[in-house]
Amino acid sequence: MAMKCSRSVSLILLLFVSNWYYCANAANKDGLGASFIFGDSLVDAGNNNYLSTLSKANIPPNGIDFKASGGNPTGRYTNGRTIGDIVGEELGIPNYAVPYLAPNASGKSVLSGVNYASGGGGILNATGRIFVNRIGMDVQIDYFNVTRKQIDKLLGPTKAKDYMMRKSIFSVTVGANDFLNNYLLPVLSIGARVSQTPDAFVDDMINHFRNQLTRLYQLDARKFVIGNVGPIGCIPYQKTINQLKQDQCVDLPNKLAVQYNGRLKDLLAELKDNLPGSTFVYANVYDLVMELITNYGKYGFTTASRACCGNGGQFAGIIPCGPTSSMCSDRSAHVFWDPYHPSEAANLILAKKLIDGDTRYISPMNLRQLRDL
């Protein structure tokens, strides 16, 4: 009788362990634990709503196609979802990463991830001062440090560390403002441009960014996806103020972006070698967006030059999107929602190329492979 009981207990234990192992692995494959998002207005989900700043998107018709809010503005600088929203959805996160400054960014909600991005923010602290207030990368990481301590309390230090290292992705989309709203500003940056060559300015950016990414690593970030700077000379704002034709882009901003992007790729290789256990994925946003702009018809767009929502000039590229702006009739036919930011339709294409694309656009692996690493 004792032997039968022992066998039964052994069988139950074996089934329990097998079931636990299966569930643990299934959970790891089915979805990402948390998405921590850093950067600028391309991925801001509403942090600037809580700042006294000139850079805001919590006014209609922004968010008109954002289903989660019923078409009301949320502070996202587009008509619908950002790339960060779409990536989180596709990788299995049940909720959008909550903006750090929002009142509900506390308790268990932070376990799905937190969004620290801020419209106007950059790598350098001086970037975006034209907007009065914005959250630069240094402060965004300070904020993550607070969240990191909250997760320790929620899960306990050992589980929290594992959750950060194995179940979380850290995405950073930053750098464009350092050129557009710092180095290239005609008045505010003229002193900097006289004293700093493009090489020196890019050096400054790379040195700051090295320190920032290392700080995140020290807070247990291991899986990184870093976006390079897109073709900022091709946005409707640049085309409009420089009075270009539809198929033209401004050379200088694009040259600066390409120069920075080359250095960024080298930086990520250096960090991978120096930070044990880290994985740095390079998102080639420049080539991806340039592909959309150059071959927009192939992707179902009718224009890659004119903003859907905006005013001023032939490409509606001077005045940001707001209640008095003109708005296109078919938002899904425009690559650009406003003078600066892609439409949700464009974000959807960009996000899917990053999630399941090949090494032309995302290397050394795509985001689905990074999640399952």
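Computed from the coordinates by the stated procedures, all read-outs in this text should not be read as laboratory data. Treat the numbers as computed from the prediction; the structure is a model and nothing was measured. Glycine gets a Cβ as well: all are built from the backbone with ideal geometry, and neighbour counts include every protein chain shown.
Considering Cα pairs under 8 angstrom that are at least six residues apart, work out the relative contact order of the range 107-202 and quote it in whole percent.
Values: 79 pairs, mean separation 27.3, N = 96.
It rounds to 28 percent for the range 107-202.
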message: What does the extension gain come out to for Arg360 and Gln243, with contour length at 0.36 nm per residue minus their alpha carbon separation?
response: 38.9 nm
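Starting from the Cα-Cα distance between Lys298 and Ser69, subtract it from 0.36 nm times their residue separation and give me the gain in nm to one decimal.
Net length gain for the segment: 79.4 nm.
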field: Whole-angstrom gap from the range 204-262 to the range 40-114, using each part's C-alpha centre
entry: 22
query: What helices does the chain have that are whole DSSP H segments, at least 20 Å long along their own axis by Cα, and with mean Kyte-Doolittle hydropathy of -1.0 or more?
result: 2-30, 137-155, 198-218, 251-274
- line: The number of Lys pairs in the range 31-288 whose alpha carbons lie under 14 Å apart, excluding pairs fewer than 8 residues apart on one chain, is 9
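Residue separation times 0.36 nm, minus the C-alpha to C-alpha distance between Val258 and Val132: what's the value? Kindly include the intermediate steps, with their values, before the conclusion.
Values: separation 126, 0.36 × 126 = 45.36 nm, distance 2.83 nm.
Length difference between fully extended and current span is 42.5 nm.
Counting only other residues whose beta carbon sits under 9 Å from that of Trp337, what net charge do I get with K and R as +1, D and E as -1? Write out the running numbers ahead of the final one.
On the way: positive: Arg331; negative: Asp338, Glu344.
Net charge around Trp337: -1.
Fewest Cβ neighbours within 10 Å first, please rank Val139, Val98 accordingly.
On the way: Val139 14, Val98 19.
Fewest to most other Cβ atoms nearby, the residues stand as Val139, Val98.
Based solely on its DSSP helices, what 222 nm [θ] is calculated for the chain when runs of n ≥ 4 H residues each add -39,500 (n - 2.57) and the sum is averaged over all residues, nearest 500 deg cm²/dmol? All intermediate terms of the calculation are to be shown ahead of the outcome.
Values: 11 runs with 152 residues, N = 373.
Calculated from helices alone, the mean residue ellipticity at 222 nm is -13000 deg cm²/dmol.
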